Amino acid sequence: VQLQASGGGLVQAGGSLSLSCVASGLPFSSYVMAWFRQAPGRQREFVGAIRGSGGNAYYADSVKGRFTLSGDSVENMVYLRMNGLRPEDTAVYYCAARRGLVIHYITSSYNYWGQGTLVTVSS
């Protein structure tokens, strides 16, 4: 199983950025796909999740209304569109996958992780 995240970069506050994650080696529709992030000196935290089979996405309160998560079960990809970025969104963003269809919000519930992509928001 491999998760490959991409799309990070430097953006000014208020700007937008899109992240992508391609999953290989797993039955995408049988997994929950999620994004987490980890800022320097802080624990990794949940950003959002969606079932590979489709349906609603679930978000952390801190990003609700600004971030949009979507999936493509044909291409085995999950996307995170981030609008209205703030300096506090600066972090390494990780793509993760969890077997099953139950949405979980903690890191230990996820079976596979991508390598992370850095998002830096300048003020």
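The values are calculated or read from the model by the stated rules, or taken from the named source; none is laboratory data. Keep in mind it's a predicted model, so treat the numbers as computed, not measured. A quick note on method: Cβ atoms are made from the backbone with ideal geometry, for glycine too, and the neighbour counts reach across all protein chains shown. With ligands, DNA and RNA removed, areas are computed over all heavy atoms of the protein, side chains included. Shrake-Rupley method; radii C 1.70, N 1.55, O 1.52, S 1.80 Å.
All of 47, 78, 74, 63 fail the test of being hydrophobic (A, V, I, L, M, F, W, C) and either open to solvent by 40 Å² or more (accessible area, probe 1.4 Å) or modelled with pLDDT under 95 (or both), apart from 74.
Condition first: under 12 Å from residue 52 (Cα atoms) and not basic (Lys, Arg). Now tell me which residues in segment 78-110 satisfy that. Passing the criteria: 78, 79, 96, 97, 100, 101, 102, 103.
Counting the residues of segment 12-26 that are assigned to a strand (DSSP E or B) and open to solvent by 20 Å² or more (accessible area, probe 1.4 Å) gives 6.
When segment 19-59 is examined, which residues are found to be hydroxyl-bearing (Ser, Thr, Tyr) and more than 18 Å from residue 6 (Cβ to Cβ)?
If we filter segment 19-59 for residues that are hydroxyl-bearing (Ser, Thr, Tyr), which is where we start, we get 20, 24, 29-31, 53, 58-59.
Once the filter is applied, which keeps residues that are hydroxyl-bearing (Ser, Thr, Tyr) and more than 18 Å from residue 6 (Cβ to Cβ), segment 19-59 yields 29, 30, 31, 53, 58, 59.
When residue 92 is tested against (1) aliphatic (A, V, I, L, M); (2) open to solvent by less than 50 Å² (accessible area, probe 1.4 Å); (3) at pLDDT below 95, exactly one condition is not met: (3).
Scan segment 50-60 for residues that are of a type in the set (A, V, I, L, M) and surrounded by fewer than 17 Cβ atoms within 10 Å (Cβ to Cβ) and the total you get is 1.
Matching residues to (1) closer than 20 Å to residue 22 by Cα; (2) touching a helix residue (DSSP H, G or I) at 6+ places or on another chain (Cβ under 6 Å); (3) of a type outside the set (Gly, Ala, Ser):
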residue	(1), (2), (3)
52	yes, yes, no
56	yes, no, yes
73	yes, yes, no
78	yes, no, yes
90	no, no, yes
95	yes, no, yes
107	yes, no, yes
114	yes, no, no
119	yes, no, yes
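When segment 8-27 is filtered for residues that are over 18 Å from residue 99 (Cβ atoms) and without any contact (Cβ under 8 Å) to a residue 40 or more places away in the chain, nothing remains. Residue under question is residue 114, and the condition is that it be at pLDDT below 95 and open to solvent by less than 50 Å² (accessible area, probe 1.4 Å); does it hold? When the stated conditions are applied, residue 114 does not pass them. Considering the conditions (1) open to solvent by 50 Å² or more (accessible area, probe 1.4 Å); (2) at positive phi; (3) modelled with pLDDT of 95 or more, residue 7 is excluded by exactly one of them, (1). Which of the residues belonging to segment 27-44 are modelled with pLDDT under 95 and crowded, with 16+ Cβ neighbours inside 10 Å? Across segment 27-44, the qualifying residue is only 28.
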